[in-house]
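Take a look at the structure set out below.
The values are calculated or read from the model by the stated rules, or taken from the named source; none is laboratory data. Since we're looking at a predicted model, the values are computed, not measured. Ideal geometry is used to build each Cβ from the backbone, glycine not excepted, and the neighbour counts take in all protein chains shown. Each accessible area value is taken on the protein alone, full model and side chains, heavy atoms only, with ligands, DNA and RNA left out. Shrake-Rupley method; radii C 1.70, N 1.55, O 1.52, S 1.80 Å.
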Amino acid sequence: MFGVKYLSHTAISPEEAHRPLVDESKGLTDNYKNLLDENLYLTDEVDRLNREAKKLARELRVANSFLDKVTKASVAKDTLNDALADANIKQRAYTDLLLQSCPNIIMLLDGEGRFILSTQAYMSATGTPNFEYIKNLKYTDVFPKYLAAHDMDAFTAAFNHVVASEETAHLDAMIDFARTGEQRYYTIELRRAGSTAPASGGPAAPAGTGDGAGSGSAFAAASVSLTGSSAGASASSMAGILAVMIDLTDFMREKQRAEDANNAKSEFLATMSHEIRTPMNAIIGMSEMLDRTELNIGQKKYVSDIRKSSGALLTIINDILDFSRIEAGKLELVNTNFNLKLLLDNLYSMFSMLCREKKLEITFNLDDSLPDIVYGNEIRIRQVLINLLSNAVKYTKHGSIIFGATIEIGELLFDVRDTGIGIRDEDKEKLFKPFEQLDVRKNRNVVGTGLGLAITYNLCRLMGGDLYFDSEYGKGSTFYVRIPYIEANDAFTDDITGDDEFSAPSANILVVDDIDINLAVAEALLSAFDIAPVLAQSGREAVDYAKNNRFDIIFMDHMMPEMDGLETTLRIRELGGWNRTVPIVALTANAITGVEQFFLDNHMNDFLPKPLDIKALNHCLRKWLPITIQEERET
């Protein structure tokens, strides 16, 4: 601190005190006044100096405080620098670890295609000792050893495209990095890393061309360069092309194995469908015709039981096939205009009879706002509602079933409420899973595969809707269906004139099948329409019949020995004349996805799945027989 000396007024000396008073009084007075003035000046000066001293003291305190802060900041800066240095060391260590452990080949190339860095995966794949062996070499000097010429050209084109456009490029290539003669499948992505904009005062310099020891150092150096942290370089002047190569060989092999397994499963299902449906065709067809004969009460019951059991077996087969299609993503949904109210009326007729047999009450509550004609998949909507109503009947022993249908903005809403056994809380999450049968002990007498609700749920989702439920165990369940509503897109016309059976005794029909029992079933079913068909047991026999006859319809079995249904159809078409346009309807037990379009693409007009159904046959005859030979039966 500054020392301050405070001054006082000056005293009068003794010599001046003994001078004559008279002579010197005037001078004394003047001197005294001068001394007073000087004393006042000095007093003011002392006050000013005191104020300056206080101001300097304050400034000194401020300076000391600032100096203390600067000292602390300097210490903090040193601490920060030490922390940054430690972080940089850790970052480089992590970078080296990433470079060594990354399973994919990742390379950084400069704008000229020179290697700046690479992951250890490249060295492991090629047997290169370390990165120094390829550092600063161009890929055009290295890759031709591993890539075929056309793959090399594709890589070069992709690289040049990324350099010129800064867009990401993708390509696939077969590469033999190990040079063992076994090429592996790689997918490659090339993209920009950094910026190509040149720094002011000069062109862009290649990234990462500084000295570095080993692959890790090269990676770290390149990383620093590309972020603009290296001395004398900015981020705007650095760029690189990042090449990421992923070996998908094992994945592709597994994918191929899965596809082969799926194809094998599809072939098995097709074979199973054919082998099971062929005898089912005989059982269902013959029981249908037997039911039309004179039988006593006991015989009627036996036939009814046969038909019910065969129908249940057919439902199981269809469920398995439908689920396999859904699982494979191959279930086709074809939308058309259809009569919704007629569909619901048919459902009421079907289930009111079943409910009467079980002494259950059934109610259909249909909102007046429901449109008559809608656009959608009639077959799958029917299947969804039949599954839900069937379950309600199946699991309800006493009480009632209530079906509701209404329309909201953009959605058709259906609900099925029953007073059945309900669903336990622990079983609810399993309800829509395949092959799940809940409460097996209580439901041991219920026949089914456990696929019905799984299929129903997936069908609703495929149609853009949803299926959900409420249930209380012991009291019943309610299932809700929401399906998008689409207005009919044009005037509705129905190809089928009616479901009532008719007579066509003058119809000339050829049935072709290599199995006697199938011919017998077809002949019996057609007799219900007073039609006596011509029967052929081979494709060659069918072609001979077609040469010499004009048939109204030809029913053609698909799978026959020697000449199958497809070849037979082609031969008949080649006969010319009427045979170019005669309706040919395929009979097939292969009810798999896409079969209808398959037959249409092979010169046929329609198809009927086996087992043959009298109603489906009725519709087919109505559709293809000339209207002039159709005679309505009196009711």
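Going by accessible surface with a 1.4 Å probe and the largest first, 29, 478 read 29, 478.
At a threshold of 8 angstrom on Cα-Cα distance, excluding pairs fewer than six apart, so keeping six or more, what relative contact order does region 244-395 reach in percent? The partial results should precede the final answer.
On the way: 63 pairs, mean separation 31.0, N = 152.
20 percent.
Excluding same-chain neighbours fewer than eight residues apart, the aspartates and glutamates reachable from residue 475 by a Cα-Cα span under 19 Å are 361, 415, 418, 425, 426, 427, 429, 439.
Near residue 71, within a Cβ-to-Cβ distance under 13 Å, what is the net charge of the other residues, with Lys and Arg +1 and Asp and Glu -1? Can you show the working numbers first?
Details: positive: 69, 72, 77; negative: 68, 78.
Around residue 71, the charge tally is +1.
Applying 1/(1 + (r/R0)^6) with R0 = 60 Å to the Cβ-Cβ distance of residue 408 and residue 78, what FRET efficiency is obtained, to the nearest 0.05? Can you show the working numbers first?
Details: r = 72 Å, r/R0 = 1.20.
Efficiency, rounded to the nearest 0.05: 0.25.
When the Cα centres of region 26-105 and region 121-199 are compared, how far apart do they sit, in Å? Their Cα centres are 59 Å away from one another. Entry comment: accessible area of region 282-381 is 58 Å² per residue, from protein heavy atoms only and a probe of 1.4 Å. Listed by chain and number, the aspartates and glutamates placed with their C-alpha closer than 13 angstrom to that of residue 138 are 110, 112; residues fewer than eight positions away on the same chain are left out.
Listed cross-link partners 90/135; 433/615; 265/433; 300/433 are compared with a 29 Å cut-off, the Cα-Cα value being larger for 433/615; 300/433. Our summary gives region 536-635 a relative contact order of 24 percent, counting only alpha carbon pairs under 8 angstrom and 6 or more residues apart.
A Förster radius of 45 Å combined with the Cβ-Cβ distance from residue 575 to residue 246 puts the calculated FRET efficiency at roughly 0.20. Give the distance, in whole Å, between the Cα centre of region 353-420 and the Cα centre of region 545-594. So the two Cα centres are separated by 40 Å.
Take the Cα of residue 47, step 7 Å toward its Cβ, do the same at residue 628, and the gap between the two points is 14.0 nm.
Counting only protein heavy atoms and a probe of 1.4 Å, the accessible surface of region 116-199 is 49% carbon and sulfur. Once you list every other residue whose beta carbon is under 14 Å from the beta carbon of residue 252, what net charge do they have if Lys and Arg are +1 and Asp and Glu are -1? So the environment of residue 252 carries a net charge of -3.
3J(HN,Hα) along region 161-167, derived from phi through the Karplus expression 6.51 cos²θ - 1.76 cosθ + 1.60 where θ = phi - 60°, amounts to 5, 5, 4, 7, 10, 6, 8 Hz, with x in place of Gly and Pro.
Length gain on complete extension for the stretch residue 90 to residue 520, per 0.36 nm per residue less the alpha carbon to alpha carbon distance? Could you put the intermediate results ahead of the total?
Details: separation 430, 0.36 × 430 = 154.80 nm, distance 8.52 nm.
Difference between extended and current length: 146.3 nm.
Please work out the FRET efficiency for the pair residue 267 and residue 602, using the Cβ-Cβ distance as r and a Förster radius of 30 Å; give the result to the nearest 0.05. Computed FRET efficiency for residue 267 and residue 602: 0.95.
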